[in-house]
Every structure is written in C-alpha cells, then in structure tokens.
Ligand code: ADP
Ligand code: MG
C-alpha cells in the first residue's frame, strides 16, 4: 500500500465504506492522510476522579461495575454505567447508543474522557469518549490512548463515518505512510518550518498545542505556496501563447467616443482603460482582472474595449451571472454602442437574439452558443467570482485565444489577489465618479421602524424610490428565502396601501423579472421588495433608499455591495439596516456584538476596509467569494494572514525565477499538475 493506493486496500474498508468515503472526497490513501482535523478535544488531563473538579474535562482510568439500557417514555434509550477509577464511583450516560450495553461489559477496563458533572447529587459524565485499556493494534504509534487521554483530533465526518472511525483508521496507517512522504520543498524554502512528514504526523496526533501550531504553520504554508506557484506559472504559460490577430487602436475614434459619453471618465477609469489598450496592442492575449467597487464604473470601460475591438473587425462577448444583469448590460451597452452602428445582441435562457451581432451579451447560456466561437476577439466576464472555473475558462478555450477580461466588485486585498489571481494582470478602479454623495447609513433600532416607514413614504412622495432587501436565509436563493420575501411583500403592501410595490426574487421567470425591473426603472414601481439577488450590478439612480432586513446575516463587504445599488445619482441616499436578532440587550438599547459589527457601516465606505474587518471578525475565505468560485480550497491556511500570503508568494516567485520549468523540482511539478486544472483547464 502506498499513498496512491485506493482506499479499499486498507483492511476493513469495503465497498459500502468506499462510497461513504467518497462523499468526503476521499479516494486514495493519500486523501485520508490529508484529511485534517478541524478541531481538537483537549482530553490531555489525566487525573483520579477524587481530585477532579466539577465542570472540568478529565480523563479517567478504571473499571465498569455495571451497565444497562433504560428506555424512556419518549422512545429514547439511555445507556447507564457505573464506573470506578479506584478512588470514586461515577455514573456514565450515553444517549441512543443501545449497542454500547453489549459492547461494554462489567469488568471491562476503560479509559474515558469527558466533562465531570453532578447529576441528581451523583458524580457523572454525559456521553464520555471511551476506549479499552490497553489499546490494541496501535502499531508503533507511541500513544497512551487515541480517542481519550490526549489532544484528540476531530475530523469532518459524514453519515455512517464518525470522527472516531476516521481517527482510528488514520492512526493505524499513519506510521507506514509517513515513511512514504517525501518533502517536495527544498531546504531553502523549508527554512525553519517542520519537515512535511512531521507536520502531517503532528496535525493528526499532536502531543501539545504547540505541535498543532507548528504543523499548521507548515501545512498552511504549503497550501498557499502551491496555489501561488500554480497561478504564477499559469501566467508565464499564458504569456507564451501567440495571439490570433494584433489590434490597432485608432486614437481619434477613441477620443470622439469618449467625448460623446454623458460624463467624463475618472482618472482611475482612464488608467485602467490604458492598461487594457496596452494589452490589446500587444501580441499576446490579455488576461486581466478589473477590480472596482460597486458603482466605480466598470461597465463603461468594458464598453470602450468592445468598441476598440469592433474597430478591428472582431466580435466581443460579455457574460454576466444573472439575467437581470445581462438585460441591464444589454440596455447600457446598446445605448453606448448603437449610435456607432454596432449591433448588440442578447443571449440568455429566455431571450435569444444574437444572430449577426457584433457584441453578444448574455448569461452562462452563452457557453452553449455556437456563434460564440466565431471571430471573437474579446471575452468579458462580469462579476467573475460568481462563475465556476470551468465556466470562466470554457468560452476562452473554444474561442481560439482572444483577449480575456474579467471584472469583479469583490474587494480583495492586493496581496491576496496576487496569490489567488496571480495568473491575471490586476487593474484597480480605486476612485468613484465625482459628485456621488455618501450613502447615509443607519443601524435602526426596532422601535424606530414606524418612523422609518413614514420617512420612506415621504421620500417616495417626493419622487424617490426604495429597495427593501429581505434576509438571506441560505447561501443561495432557496424556496425558503423566496417565501420570506413573499411574506414581507404582503406585509409591506398593508403598510404602504397607497404606494406601488413590486417583488423580485431569483426563482422568478426571466420575463417576469425583466417586467418588474422595467417597471422599477420607469418608476411604475416605487418600492421594490427583493431578495439579495439585487446585490449584483443593478443601476437605477432614482432609487435612493435601501432597507436591509436581517442585516446581521450578511458580511460587511456584502452589505456594502448591496448598498452600492443606491447613491448612484446625485441625490442623498439612505441605507437603513435592521437586525432580526431580538436579543434582550438590543431592546434595552445596549449594542450586541452584531450591532457593533454593523455600526462600522455607518462610518466606513471603503469596501476593502470592510472586507478586511470581515476577515478579522468572522475570518475565512468565503468573504472573498473564494468558496463560491470553488477556485481553491484551503483546509488550513487563512487568507487573513496577509504576512503568510505575502511570504508564500515571494517564495513561489523566487523559485520560478530560478527554475521556470521547475526541472530541478519534479515533486513540486507533480503537485502542481494537480492544481493546474483549477487554474486553467484548457
Ligand atoms: P460597476 O462598476 O458597479 O459595474 P457601473 O458600470 O454599473 O458600475 O456604473 C455605475 C453608474 O455610474 C452607471 O450609472 C454609470 O453610467 C455611471 N458612471 C460610470 N462612470 C462614470 C463617470 N466617470 N462619471 C459619472 N458617472 C459614471
Ligand atoms: Mg457592474
């Protein structure tokens, strides 16, 4: 057996377990070794029961004096045992594991771990972890216990595969498999971190918390290092690809185009446009990411690029993540480009009018459009984090190497972007168009709700419009979220009987959505009740108020993106945040943790700062939409550790500078092959 052997080569793993393991994405022995614990139970304190305190988590060694099942009136089974460790007797209770009464017998010597408590004046431990003494079959792993009496690793589990089972299997194969692990990192990069085999050993079976830390340091380094290496190498490869057609830029036509825009480009827009022009003129295909806050004006930059490509006789595709957004882009781009005789088409699930067009705007439906491969010089993907890797790269792979432009409003710290998107050139629009008023943002206490409804009504009488965003119930638009939106809509119809309300959610038919949006755009609808689908891209300048219900369910950066839908014109705009946590502190006016977090929105208007606050407060990669994009999965590394992100990127850069083909490092190269498909499948 080695790291590449299928899991059934491990004794005791048959076909039904193989299926369960697959659910955890575990297929070969190496996967199991790389299945890391997500936390540890600290059962390392071993003491006699007589010396332990109530409430303390301890490990005891002793003997079972009695054991039996008790059936409760509610159909539950309790297994109760008397356990004596030579100093004291105590009661052990397990819930709904009736088989334990057979597995454990009177006279058995066990080691148990759990929290000491007092129940009906008896010393007891509820649901203790247990194992037999002495431990059988542990090979040469030097431990006094595996499931008790130590720092016990807790693993991601699935139905029928408990953490205990996983722990047992890993501990059993670990000693042999560690011998087969070869550290791919050269000593210069390893620096003073643990060697790989030791790190893996310690992540599974640490003796101390310090060992856990050291192991995480090394394994986190590897995760980020390889991603950085993969994206940087993809970039080098991409740069080598020849272009189908070099483009010429006509400065006079460009100038007269920008002259005709209803506004002057900001200097950030001009800078990014110039970066794009440099790419278009060069003889290698562009692969660029435009990052710019909501409302910073990415669309117009994209439209200009489309125009320039058109002047070279080539077509462009623009793909958006939702139909709503595709229709909006269609309207915007048409109004900008049609005066120049450019034919703009639309291609979505419900609307297909793309024949003989110079530009086709659409959703992922574009992926199946045959036309989308012909004579295409530029592919643009808006809100790219919403697409999976395959979707993002598929068009490009079919369309024979055109220029490739992706756009995102997700604020990602530069350091992190350079790792995650190291294969792309980064352009940042870091300036908002002039004259945009700050959006006045308030966290509104529940008792002021009626006042804000009065305020909304008054503003609407003056001609303004309002969004009301209903709580995000699950990550994606589920039926539950839709139902919540419908209920809110009905409630609001009673509150505003004289106003025109509309409802928008992700499960509506495209035509209905378009209808609602058209009515909102033309002020036929004054209040738009919507799920957070409007988060993406909507641009209706007359909407000046946004109410967000259940604000605590969103990240700060996400809320910032949501409120970016208002404040698009020159009128003062208002964002009113409500929370649904009716904790007693809140009604007394003392701010809860959530309120404290949300308060940042009242004073901070920098998406990147808010994203960093999110990271500090909530941690994790999902905030950057990393999880969503499925681009890379980090089990250990935290993207909030900017120091580590930077360090790994530099290490990757140095290695590539020294040996671009990685010929001296076959092991690193092999590891990269696995990741390469996540960066660029074509
Ligand atoms: P996003 O970057 O979020 O995609 P959009 O491209 O939708 O932003 O632009 C938001 C709004 O700002 C649009 O109404 C657009 O017409 C307007 N806009 C874009 N650039 C400028 C500018 N330089 N000056 C004034 N308004 C602008
Ligand atoms: Mg946009």
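Bear in mind these aren't lab numbers, they're just calculated from the coordinates by the rules spelled out. What you see is a predicted model, and the numbers here were worked out from it, not measured in a lab. A quick note on method: Cβ atoms are made from the backbone with ideal geometry, for glycine too, and the neighbour counts reach across all protein chains shown.
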Exercise for review: Starting with the highest mean, order 146-156, 340-350 by the number of other Cβ atoms within 10 Å, averaged over the residues of each peptide.
Suggested key: 146-156, 340-350
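Assuming 0.36 nm per residue, please report the length gained on full extension of the stretch residue 495 to residue 54 beyond their Cα-Cα distance.
Full extension of this stretch gives 153.3 nm more.
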Review point. Under a point spin-label approximation (7 Å from Cα along Cα-to-Cβ), what is the residue 596-residue 126 distance to one decimal in nm?
Key: 2.9 nm
Practice item. Pull up the DSSP beta bridges for segment 440-604 and report the antiparallel fraction as a percent, rounded to 5. Key: 0 percent
Exercise for review: Pop the C-beta distance of residue 3 and residue 659 into the FRET formula with R0 = 35 Å and round what comes out to the nearest 0.05.
Suggested key: 0.90
Review point. Using helices alone, what [θ] at 222 nm do you get for the chain, with -39,500 (n - 2.57) per DSSP H run of 4 or more residues, divided over all residues and rounded to the nearest 500?
Key: -12000 deg cm²/dmol
Exercise for review: Kindly list the residues of segment 198-220 that lie in the label zone of residue 667, defined by a backbone N under 11 Å from the point 7 Å along the Cα-to-C-beta vector.
Suggested key: 198
Review point. Quick one: if you stick a label point 7 Å off each Cα along the C-beta vector at residue 462 and residue 24, how many nm between them?
Key: 6.0 nm
Practice item. Provide the FRET efficiency to the nearest 0.05 for the residue 633-residue 237 pair, computing r from the beta carbons and using R0 = 25 Å. Key: 0.65
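Please work out the Kirkwood hydrodynamic radius for the chain, using every pair of different C-alpha atoms, and report it in angstroms with one decimal place.
29.0 Å
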Review point. What is the distance in Å between the Cα centres of segment 1-19 and segment 179-197?
Key: 27 Å
Check your understanding: Under 11 Å from the 7 Å Cα→Cβ point of residue 84, by amide nitrogen: which residues of segment 101-125?
Key -> 107
Review point. What FRET efficiency, computed as 1/(1 + (r/R0)^6) with R0 = 56 Å and r the Cβ-Cβ distance, is obtained for residue 603 and residue 367, rounded to the nearest 0.05?
Key: 0.85
Check your understanding: To the nearest 10 degrees, how steeply does helix 209-240 sit against the main Cα axis of the chain, on a 0 to 90 scale?
Key -> 30 degrees
Study note, to complete from the structure: Here the relative contact order (percent) of the chain, from C-alpha pairs under 8 Å and at least 6 apart, is 12 percent
Practice item. Any chance you could run the full-extension gain for residue 264 through residue 572? It's 0.36 nm times the residue separation minus the Cα-Cα distance, nm to one decimal. Key: 108.8 nm
**Study point:** Distance between modelled label sites at residue 312 and residue 99, nm, 7 Å Cα→Cβ extension
**Key:** 6.6 nm
Practice item. Please identify which residues in segment 48-92 have an amide N closer than 15 Å to a label point set 7 Å out from the Cα of residue 106, following the Cα→Cβ vector. Key: 63-69, 80-84
Check your understanding: Taking a temperature of 20 °C and a viscosity of 1.002 mPa s, what whole-number D in µm²/s does Stokes-Einstein yield for segment 45-149 with Rh from Kirkwood over alpha carbon pairs?
Key -> 152 µm²/s
Check your understanding: Cα axis of helix 389-398 to longest principal axis of the chain: angle in degrees, 0 to 90, nearest 10?
Key -> 50 degrees
Review point. Using mean Cβ contacts within 10 Å as the protection proxy, how do 293-299, 169-175 order, highest first?
Key: 293-299, 169-175
Practice item. Quick one: check the C-alpha center-to-center distance for segment 214-228 versus segment 93-114, whole angstrom. Key: 40 Å
Point to revise | Angstrom value of the Kirkwood radius, inverse mean 1/r, which spans all Cα pairs in segment 251-429 | key: 16.2 Å
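Normalised by the number of residues in segment 440-604, what is the relative contact order in percent for Cα pairs under 8 Å and 6+ residues apart?
31 percent
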**Study point:** Antiparallel content of DSSP bridges confined to the chain, in %, to 5
**Key:** 40 percent
Exercise for review: Using only Cα atoms, tell me the angle between helix 449-461 and the longest principal axis of the chain; keep it within 0 to 90° and round to the nearest 10.
Suggested key: 20 degrees
Check your understanding: How high is the relative contact order of segment 250-320, given as a whole-number percent (alpha carbon pairs under 8 Å, six or more residues apart)?
Key -> 27 percent
